[in-house]
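The values are calculated or read from the model by the stated rules, or taken from the named source; none is laboratory data. Treat the numbers as computed from the prediction; the structure is a model and nothing was measured. Cβ placement follows ideal geometry from the backbone for every residue including glycine, while neighbour counts extend to all protein chains displayed. Accessible surface is based on the protein model in full, side chains and every heavy atom, while ligands, DNA and RNA are left aside. Shrake-Rupley method; radii C 1.70, N 1.55, O 1.52, S 1.80 Å.
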Amino acid sequence: MLQGKNVYAHDMVKSLNGFQFKLKLFLQHLLIKKVDHFPTLKLLKISENKFEKYVEINNAVSDDFSRRFGDFRKIEASLAIVRDPFIIDIDSVPSELQLDIIDLQCDFDLREFHRREEICKFYHTLNSEKFAKLKDFVRKMLVIFGLTYIATYAKNIFNNKLNKNSLRSSITDEHLKSVLRISTANLTPDINFF
């Protein structure tokens, strides 16, 4: 899944890389007429020219995929820093982050905390003064596609709920603002508060 709530760019790259490796494997298997990953083709007797056609289709899908998602390659190194700053080679990190990454990598408690916790919670709990540059960098990387998801989600709410509502003519700007804020926020009511 490439979009959704709590799906971050580094998760998307992981999925995209996995799919691209599968396409390469499929191509290698089709070239030697091995159909282990194609259950329907296993059942059929495929002629030589059909395999050539399937190889062409696989190549076309792979080329289109590379063209559409090629921009991810440009930010993949940055996403690797976000995904696991403890295993990243310090020489591959931008110079403005190197000192923060070294401090992070030398802290075994933070390393263990990183392994146990969700990525946003981990970065949220880092000391804002000590890791200011790293936190700013991570914040920018984590929201790369989040705004697109929220905008699409809000548009769907507007089109599917508000636009089809019999009271839509009486909806004010303030109502719209409130509905969109509640719909896109991650709020949990505290019923026991009072």
Q. Taking Glu52, is it open to solvent by less than 80 Å² (accessible area, probe 1.4 Å) and modelled with pLDDT of 80 or more?
A. no
Q. Looking at segment 100-122, which of the residues that are within 19 Å of Ala80 (Cβ to Cβ) and within 17 Å of the chain's Cα centre (by Cα) is surrounded by the fewest Cβ atoms within 10 Å (Cβ to Cβ)?
A. Glu118
Q: Test Lys34 against the stated conditions and say whether it is among the charged types (D, E, K, R) and within 29 Å of the chain's Cα centre (by Cα).
A: no
Q: Would you be able to tell me the number of residues in segment 86-128 that are among the β-branched types (Val, Ile, Thr) and in a helix (DSSP H, G or I)?
A: 5
Q. So which pairs qualify, if the first residue must be in segment 65-86 and modelled with pLDDT under 90, the second must be open to solvent by 70 Å² or more (accessible area, probe 1.4 Å) and outside any helix (DSSP H, G or I), the Cβ gap must be under 9 Å, and the two must be at least 6 apart or on different chains?
A. Ala80/Ile87
Q) Among Val82, Val61, which is the only one that is open to solvent by 50 Å² or more (accessible area, probe 1.4 Å), assigned to a helix (DSSP H, G or I) and of a type in the set (Val, Ile, Thr)? A) Val61
Q) Do we find that Glu76 is open to solvent by 70 Å² or more (accessible area, probe 1.4 Å) and of a type outside the set (A, V, I, L, M) in this structure? A) no
